[in-house]
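Peer 1: Just passing along the structure, written as structure tokens.
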Amino acid sequence: MTIRNVTVGLVAWLVLVIPAAEAREPDLDACLRFENAGGALRGWGGGPSGTFHFDGTVVHAGKGAARLERDAASEGTFTTLTKQLPIDFDGKVLELRGFLRTEDIVGYAGLWMREDGPSGVLRFDNSRNRGLRGTNDWTECSLRLPLDPTARQLFFGVLIDGQGRAWVDDLQLLVDGVPLSQTPVRETMKTVLDRDHEFDAGSGIDVTSLTAAQVGNVSLLARVWGFLKYHHPAIAAGERHWDYDLFRVLPAVLAADDPEACNQVLARWVAEVGEPAPRDSVAREPQDAQLQPRLDWIGDADLLGADLSRSLQLVHERRFAGDAQFYVTQMPVVGNPVFDRELAYPERPLPDPGYRILAVARLWNIVEYWFPYRDLIDGEWTSVLSEFLPRLVAAATRGDYRLEMMVMIACIGDTHANLWWDLDVRPPRGGCSWPVELRFVEGRAVVAAYADSLLGPASGLEIGDVIAAVDGKPVAGLIEAWSPYFCASNLAVQLRDIARALPRGDGDSEVTIERNGETLMLVVPRSIPSVSRAVTHDRRGDALQRLSPEAGYLKLSSFRIQDVDSYLEQAAGTRGLVIDIRNYPSEFAVFALGGRLVGEKTGFARFTVGDLENPGAFTWTPPVELEPASPGYAGRVAILVDERSLSQAEYTAMALRANGRAVVVGSTTAGADGNVSPIVLPGGLRTMISGIGVFYPDKTPTQRVGIVPDIVAAPTIAGIREGRDEVLEAGLRHILGPDIDEEEIRMMAARP
């Protein structure tokens, strides 16, 4: 249910060397064919430096091509060739075509495209699951991406993720099948965000700390500002640069001596914004709402004063009515909120205090009005304002600012919500890592696998070792200290992420381990780069594996929709099929695979979506159903899940279990379901929230709870040491029945 086939690193890296996008290039076609190069890649950027070159010898046609090459010594983990263009054209579908030739690719080589709007990334896709591997002669490749109507910049090119050499030539960029160079230039309509420049150079707010009175006053301002943003017809229609209006009133609010004085300031401000005129069509009340808006406070005259309370109630009575607000819209069909008019202000890596206050106010109100699971937030969400406003004002460095925003985001309690592009700021910090993968098993940090087949064993750590302390600090104490920085829907996911972070740092570390009843002290080198690696808990090998004549196995991390008939043909005749979703599905398998497991139309989920006329309300959609498809599979089904099962994986598990014959086997999943809605914050920070609510047809929730297994199964420390996959064993035990020999089960489940 989230952005598919994307790793955060690949979406975020476009701060590499990229030529500035200007007017439509007169020789664009020649640039795409590398015929304007003259011995250099004119018009192209990318990185890391030294890993891409012009090639006048190995070409598909014409006089030139581009060559990308990486080896074990290359910087980073991937190389990109990058071009940027303004999206000054209309259309529905973008298509990037080109010819690639590869040599000894370990990883993959392929095309990529990304669309950005005012708030950042809108759409992204690459050839991660369709790219070229190994050695291939010139092969035509293509990539299609729906054109977002709010997109303003296009980034595209070719990449190598891993090692090897790749050549690219004769690229074409098509809009609805027509070369971009032949499409007319579109005039972009200017909005208030383009016209109002009063605070472009800074907010003018110069404070380093807030008094208790100021905290209360600014907290109230943030609530009033957010209420008006989504309710006042003039603001919701985009007639005011609402970020800058915050800066216009903020000095008077900071100067107010007490709550009464602050209320008077706010009442005058609301009056200056203007009283909404009576409307012929009024906003309707929410129907069939799962969550109602929390607006009792606007009627609290003791809190607001009589004048301000009266004004806000009038705004609510005459609130915006329509299906498209300026500062928030909804994704077609799905309905998750889109915040593409929020500005990132990336030119200020450490925003001034006014912009830091804006960051708190923006995030708080987006969660208050557009987060479908706000009722599941731990504690009182209103208190987050009074806690984090002074913390963000006092954040004196870019690192402090990012860290404080990370802690505020963690209060949301949504695995989707994190400061994804700035994870390096949270503890532990460092550019290197132990050459092992850790996992919390039986509540202990355990060496579950080697991240490097040579360096792992050489580190002195063994599979199954329990990590008790690092540099003299007990792991339990590190978990307590680090937990505020690890946003997660539940403890299982928080420990998952802490386990991945625990080996990180610089230099060697002194590690206390428990092994076979003994306590040992080791000096463990941090010998590999601390980079994000795709970790799954499924089996190595093909997507579909026949574990025995009676048992099939299908992992969704390498599932391809085009091969679903082949998978079921290979599984035909088995008593049961294990479907492993201890991973993130490589493709959206919900209907392509789910329809093969049902004999009749079957509902498996319901959504809640936000209401643009009633911000803060979330209403039910009709049930989502599977349609039967052939060929079907009639045997038993066991669906494997654990803490690696996130979002789309959880939604897929819901669909595959709907037939009544399938059971879910495993442990607590990530508990974050629903299409994501990206959010940008001042300073170029980026986060997300789950944008729609996902429930079972009977309205049972999934958020924070996750997919509850029918059969609870989890690894044990002893099983890790023995190299067993105890969750797969439990799945096989279910589909094959109680009479199956345990030793046979272990042999079938043994890791290849």
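The values are calculated or read from the model by the stated rules, or taken from the named source; none is laboratory data. Computed from a prediction, not measured in an experiment: that's the story for all the values here. Methodologically, a virtual Cβ is constructed for each residue, glycine included, from the backbone with ideal geometry; neighbour enumeration extends over all protein chains shown.
Peer 1: I need the full set of residues from segment 646-662 which are over 23 Å from Gly335 (Cα atoms) and either in contact (Cβ under 8 Å) with a residue 24 or more places away in the chain or of a type in the set (Ser, Thr, Tyr) (or both), in order please.
Peer 2: Leu656, Arg657, Ala658, Asn659, Arg661, Ala662
Peer 1: Can you find, within segment 65-105, the residue that is farthest from Glu115 (Cα to Cα) among those that are of a type in the set (Gly, Ala, Ser) and touching a residue at least 12 places away in the same chain (Cβ under 8 Å)?
Peer 2: Selected residue: Ala72.
Peer 1: Also, I was wondering about something else. Do we find a residue being more than 27 Å from the chain's Cα centre (by Cα) and buried (at least 23 other Cβ atoms within 10 Å of the Cβ) anywhere in segment 604-625?
Peer 2: There is no residue in segment 604-625 that is more than 27 Å from the chain's Cα centre (by Cα) and buried (at least 23 other Cβ atoms within 10 Å of the Cβ).
Peer 1: Looking only at segment 185-220, how many residues end up being part of a helix (DSSP H, G or I) and loosely packed, with under 11 Cβ neighbours inside 10 Å?
Peer 2: So the answer is 2.
Peer 1: Considering only residues that are touching a helix residue (DSSP H, G or I) at 6+ places or on another chain (Cβ under 7 Å) and under 16 Å from Met688 (Cβ atoms), which ones fall in segment 345-362?
Peer 2: Ala359
Peer 1: Out of the residues in segment 699-752 that are of a type in the set (Asp, Glu) and closer than 23 Å to Gly573 by Cβ, state the one that is surrounded by the fewest Cβ atoms within 10 Å (Cβ to Cβ).
Peer 2: Out of the qualifying residues, it is Asp739.
Peer 1: Sticking with this one: In segment 557-570, is there at least one residue being touching a helix residue (DSSP H, G or I) at 6+ places or on another chain (Cβ under 6 Å) and closer than 26 Å to Phe371 by Cβ?
Peer 2: Scanning segment 557-570 turns up no residue that is touching a helix residue (DSSP H, G or I) at 6+ places or on another chain (Cβ under 6 Å) and closer than 26 Å to Phe371 by Cβ.
One line per residue, one yes/no per condition, for (1) assigned by TED's automatic domain parsing to the domain that holds Tyr369; (2) surrounded by 16 or more Cβ atoms within 10 Å (Cβ to Cβ); (3) farther than 30 Å from Gly683 by Cβ:
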position	(1), (2), (3)
Asp243	yes, yes, no
Asp258	yes, no, yes
Ala289	yes, yes, yes
Val328	yes, yes, no
Met331	yes, no, no
Arg341	yes, yes, no
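Peer 1: Quick one: is Ser433 among the small types (Gly, Ala, Ser), at pLDDT below 95 and on the phi < 0 side of the Ramachandran plot?
Peer 2: yes
Peer 1: Being within 22 Å of Leu495 (Cα to Cα) and among the charged types (D, E, K, R) is true for just one of Arg686, Arg644, Arg657, Arg661. Which residue is that?
Peer 2: Arg644
Peer 1: Restricting segment 626-673 to residues that are more than 30 Å from the chain's Cα centre (by Cα) and among the hydrophobic types (A, V, I, L, M, F, W, C), which is modelled with the lowest pLDDT?
Peer 2: Ala634
Peer 1: Report, by residue number, each residue of segment 396-419 that is farther than 21 Å from Asp378 by Cβ and among the hydrophobic types (A, V, I, L, M, F, W, C).
Peer 2: Answer for segment 396-419, where residues must be farther than 21 Å from Asp378 by Cβ and among the hydrophobic types (A, V, I, L, M, F, W, C): just Ala396.
Peer 1: Moving on to the next point. Given the criteria out of contact with any Cys (no Cβ under 9 Å at 6 or more places or on another chain), under 19 Å from Ile720 (Cα atoms), assigned to a loop (DSSP other than H, G, I, E, B) and not hydrophobic (A, V, I, L, M, F, W, C), does Gly464 qualify?
Peer 2: Yes, satisfied.
Peer 1: With modelled with pLDDT of 95 or more, part of a loop (DSSP other than H, G, I, E, B), under 30 Å from Leu491 (Cα atoms) and among the acidic types (Asp, Glu) as the only criterion, which of Asp414, Asp375 stands out?
Peer 2: Result of the check over Asp414, Asp375: Asp414.
Peer 1: So, one more: When segment 429-453 is examined, which residues are found to be closer than 15 Å to Val524 by Cβ and not aromatic (Phe, Trp, Tyr)?
Peer 2: Selection gives Gly430, Cys432, Ser433, Pro435, Val436, Glu437, Leu438, Ala445, Val446, Val447, Ala451, Asp452.
Peer 1: If you scan segment 295-316, which residues turn out to be within 17 Å of Glu368 (Cβ to Cβ) and not in a helix (DSSP H, G or I)?
Peer 2: Residues satisfying the conditions are Leu295, Asp300.
Peer 1: Would you confirm whether any residue within segment 276-283 is crowded, with 21+ Cβ neighbours inside 10 Å and either touching a residue at least 12 places away in the same chain (Cβ under 8 Å) or not assigned by TED's automatic domain parsing to the domain that holds Glu368 (or both)?
Peer 2: Checked against the condition, which is being crowded, with 21+ Cβ neighbours inside 10 Å and either touching a residue at least 12 places away in the same chain (Cβ under 8 Å) or not assigned by TED's automatic domain parsing to the domain that holds Glu368 (or both), segment 276-283 yields no hits at all.
Peer 1: Would you confirm whether or not segment 388-397 contains a residue that is surrounded by fewer than 19 Cβ atoms within 10 Å (Cβ to Cβ) and under 14 Å from Ala499 (Cα atoms)?
Peer 2: no
Peer 1: Cβ-Cβ distance below 6 Å, separation of 6 or more or different chains: which pairs start in segment 670-682 with a residue that is over 25 Å from Pro332 (Cβ atoms) and end on one that is of a type in the set (Val, Ile, Thr) and in a loop (DSSP other than H, G, I, E, B)?
Peer 2: What qualifies is Ala670/Thr415; Gly671/Val705.
Peer 1: Given the conditions (1) surrounded by 22 or more Cβ atoms within 10 Å (Cβ to Cβ); (2) assigned to a loop (DSSP other than H, G, I, E, B); (3) of a type outside the set (Lys, Arg), and given that Thr687 satisfies all but one, which numbered condition is not satisfied?
Peer 2: (2) is the only condition that Thr687 fails.
Peer 1: May I pose another question? Restricting to segment 339-372, give me the number of residues that are of a type outside the set (Asp, Glu) and outside any helix (DSSP H, G or I).
Peer 2: Going through segment 339-372 one residue at a time, the tally reaches 12.
Peer 1: Just for strands (runs of 3 or more DSSP E) wholly inside segment 66-137: which have at least 3 residues that are surrounded by fewer than 17 Cβ atoms within 10 Å (Cβ to Cβ) and within 21 Å of the chain's Cα centre (by Cα)?
Peer 2: In segment 66-137, there are no strands (runs of 3 or more DSSP E) which contain 3 or more residues that are surrounded by fewer than 17 Cβ atoms within 10 Å (Cβ to Cβ) and within 21 Å of the chain's Cα centre (by Cα).
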